Protein chains: 2
Amino acid sequence: MNALKEFEDFIENGYKTYIPHVCIDCVIFGYHDHRLKILLSELEGLNGLCLPGGYIKRTDTMDEAASRIVEERTSIKGLYLQQYKTFGGPDRVKFNEIDLDKLTKVPVFKKLKSSWLIDQTISIGYYAITDFSLSKPQPGFMARSCDWYNIDKIPSLLFDHNQMVKNALQTLRSQLYYQPIAQNLLPEKFTLTEIHALYETILGKKLDIRNFPKKMAFLGLITKLNEKRNIGPHRAPFLYTFNKKKYKKALELGVTLS
Amino acid sequence: MNALKEFEDFIENGYKTYIPHVCIDCVIFGYHDHRLKILLSELEGLNGLCLPGGYIKRTDTMDEAASRIVEERTSIKGLYLQQYKTFGGPDRVKFNEIDLDKLTKVPVFKKLKSSWLIDQTISIGYYAITDFSLSKPQPGFMARSCDWYNIDKIPSLLFDHNQMVKNALQTLRSQLYYQPIAQNLLPEKFTLTEIHALYETILGKKLDIRNFPKKMAFLGLITKLNEKRNIGPHRAPFLYTFNKKKYKKALELGVTLS
DNA sequence: CGCTAAATGGTAAAATTTACCAAATAGAAA
DNA sequence: TTTCTATTTGGTAAATTTTACCATTTAGCG
């Protein structure tokens, strides 16, 4: 079966393999060198940008489904994934704003109007993180485009996707000090300057360059190595690694205040 | 239509009014006088305790649906509600562990086996809070029982409901200092001792009786009134109220660390 | 009028965060 | 070789916040 046939079959019979009325939308954050971006797509038949999304196979857990959706666009397996909020309500997707008549004229969408896809759907929000310099976005044949957009220049998105981005970013920021987020964005060995830039960029604010290492050391999240890296004409910085045990412990303790 | 007929119709045609494959389960926390409890039910036809739950009407937002589900059991409108996590996966509800053959012999469940209810369902977790001394649990006709259980004596529950309780409690605790949780559990005017007991009970640990007021005052969450309450043979304590504006502000600021 | 139990003001020590100064240093340029 | 530059990093003082506890106040009771 070729891709088009496969998609026609998805429209007609997808409800047999996937759970109807439930989808997953992913905010895929990409970080590299002081820049934080997210992945947005223009979908075939829709006029505007939206988050990568998809349905849950009946045999999959939600995490597995999210993982598959993310892999389709980034071609990276096993990205760090986190569920952050579920979105619903009768006004989430306004079908009257989608020109179904026009869409149905495109051969693949022939049977869309009467399909299981045209019904109220709740969306489970996940966020993922990766180094955007390592991944080449894949539009696939469903999307006309798939590109990285700077987090501070996100245009108006389709459906409730702007709200999703906002909530995902809030969650990402609140979890930065106890989830292994940075571990997924830096190499095994990294310098203080690198992790400092990462934290500043994700949190969107300045962190004192001399106090930041003390905080990380105090929290015990990173360990200084007895190695340095050669960085050209300046003093060679020490290398550090993550203390994975500490992250794990911080995670178990939870976020309970006081 | 009587209640039984109505339920038979729900089994047969409910998918027209409700969104299939999606339900809401609620951890309803009840607090009173140093005790924290949750509401558990024994459902007709099932052997064990579980959380109050229900489906989402196609015309409702998720919050409205959760509100309705909570109202059915507590007969209280407008309880404080919070979505905390969504649960899914093929192993959530093990239909083979439910004796459908036996169940189908009960007249109301006649058409259950082939109904829209017997299919994989993801559950959106909400928690609610109330003063359990003010509400009389309503089993309704679907449940054989509906009672308050102490949070530290929760038995083994059906499905993944123990996990749900655990996550809900974690969320409740983490939100206690910036969500108006206590406002929903104390009268308009309250004493330091009362709110102190509330915080200790929900967080499950001791908080120094002299430092606690200072913390609350520092956060600006409560305001001292120029009134006292007569409490018998001891010094009359001052009354306090919540500073609702501050809570609102704390909420907007989010939980971002550092 | 003293007694009791609860409420609360106060304060010192400990812990943590914030703000900067100044020294160390690797390679490039003079 | 020496000087220069940009960066890394040790250190420290001040400010803020948390923690631990002592001592005083007070309402009603016997």
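In chain B, taking the dipole from charged Cβ atoms about the Cα centre, the farthest positive-side position among B:Gly14, B:Gln83, B:Pro180 is held by B:Pro180. Across identical copies of the chain, A:Pro139 has label-point separations of 6.1 nm, listed in ascending order, with the point defined 7 angstrom from Cα along Cα→Cβ.
The fraction of accessible area contributed by carbon and sulfur in the protein assembly as shown is 52 percent, rounded to a whole number (1.4 Å probe; ligands and nucleic acids excluded).
The mean of 1/r over all distinct Cα pairs in the range B:182-253, once inverted, gives the Kirkwood hydrodynamic radius of 13.0 Å.
Mind checking the dipole of the range B:80-141: about its Cα centre, +1 per Lys or Arg Cβ, -1 per Asp or Glu Cβ, Debye to the nearest 20?
Numbers: 9 positive and 6 negative charges, 47 e Å.
I would put it at about 220 debye.
Write out the GluC sites (Glu not before Pro) in the range A:177-224 meeting two conditions: DSSP loop, and at most 10 other Cβ atoms within 10 Å of their Cβ. All intermediate terms of the calculation are to be shown ahead of the outcome.
Working: sites: A:Glu188, A:Glu194, A:Glu200; in loops: A:Glu188.
For GluC sites (Glu not before Pro) across the range A:177-224 that sit outside H, G, I, E and B with at most 10 neighbouring Cβ atoms in 10 Å, the list reads A:Glu188.
The angle separating the long axis of helix B:244-253 from the principal Cα axis of greatest extent in chain B is about 70 degrees. Per the accessible-area calculation with a 1.4 Å probe, the total area buried between chain A and chain B rounds to 2600 Å².
Considering only beta bridges that DSSP places wholly inside the protein assembly as shown, some 75 percent are antiparallel. All Cα-Cα distances of the range B:112-194, cut into 10 Å bins from zero to the largest, leave 12, 34, 35, 15, 3, 1 percent in each bin in turn.
Over 26 Å, how big is the tail of the calculated P(r) for the range A:130-258, in percent of all Cα pairs?
On the way: 2885 of 8256 pairs.
Result for the distance tail: 35 percent.
For the protein assembly as shown, what value does the Rg/Rh ratio take when both radii are computed over Cα atoms and Rh is the Kirkwood radius, given to two decimals? Spell out each step's value before the answer.
Values: Rg = 25.8 Å, Rh = 25.8 Å.
Across the protein assembly as shown, the Cα-based Rg/Rh ratio is 1.00.
Could you state, as a whole-number percent, how many of the C-alpha pairs of the range A:25-173 are farther apart than 20 Å? Of all Cα-Cα distances in the range A:25-173, 49 percent exceed 20 Å. Remark: spin-label model distance A:Phe238-B:Asn96 equals 5.6 nm, labels positioned 7 Å along the Cα→Cβ axis. Selection among B:Ser115, B:Gly220, A:Cys50 by position relative to the dipole of the protein assembly as shown gives B:Gly220 as farthest towards the positive end (Cβ unit charges, Cα centre). The dipole here belongs to the range B:3-175: it is taken about the Cα centre, uses +1 on the Cβ of Lys and Arg and -1 on the Cβ of Asp and Glu, and is about 40 debye. For chain A, find the longest principal axis of its Cα atoms and tell me its angle to the long axis of helix A:62-74, 0 to 90°, nearest 10. Roughly 90 degrees between the two axes.
Largest first, the three principal axis extents of the alpha carbons in the range A:1-111 are 45, 32, 31 Å in whole numbers.
The alpha-carbon atoms of chain A, seen along their principal axes, cover 64, 44, 33 angstrom, with the largest extent given first. Average projection, convex hull of the Cα set of the range A:57-111: 6.2 square nanometres. Distant-in-sequence amide contacts of A:Tyr84, defined by a placed amide H-H separation under 5 Å and a gap of 5 or more residues or a different chain, comprise A:Gly125, A:Tyr126, A:Tyr127.
Label sites at B:Glu72 and B:Asp152, each approximated as a point 7 angstrom past Cα along Cα to Cβ, lie 3.3 nm apart. A Cβ-based charge dipole, computed about the Cα centre of the protein assembly as shown with Lys and Arg at +1 and Asp and Glu at -1, lands at about 2140 debye.
The values are calculated or read from the model by the stated rules, or taken from the named source; none is laboratory data. None of these values were measured; they are calculated from a predicted model. Virtual Cβ from ideal backbone geometry, glycine too; neighbours counted across all protein chains shown. The area values use the complete protein model at the heavy-atom level, side chains included, leaving out ligands, DNA and RNA. Shrake-Rupley method; radii C 1.70, N 1.55, O 1.52, S 1.80 Å.
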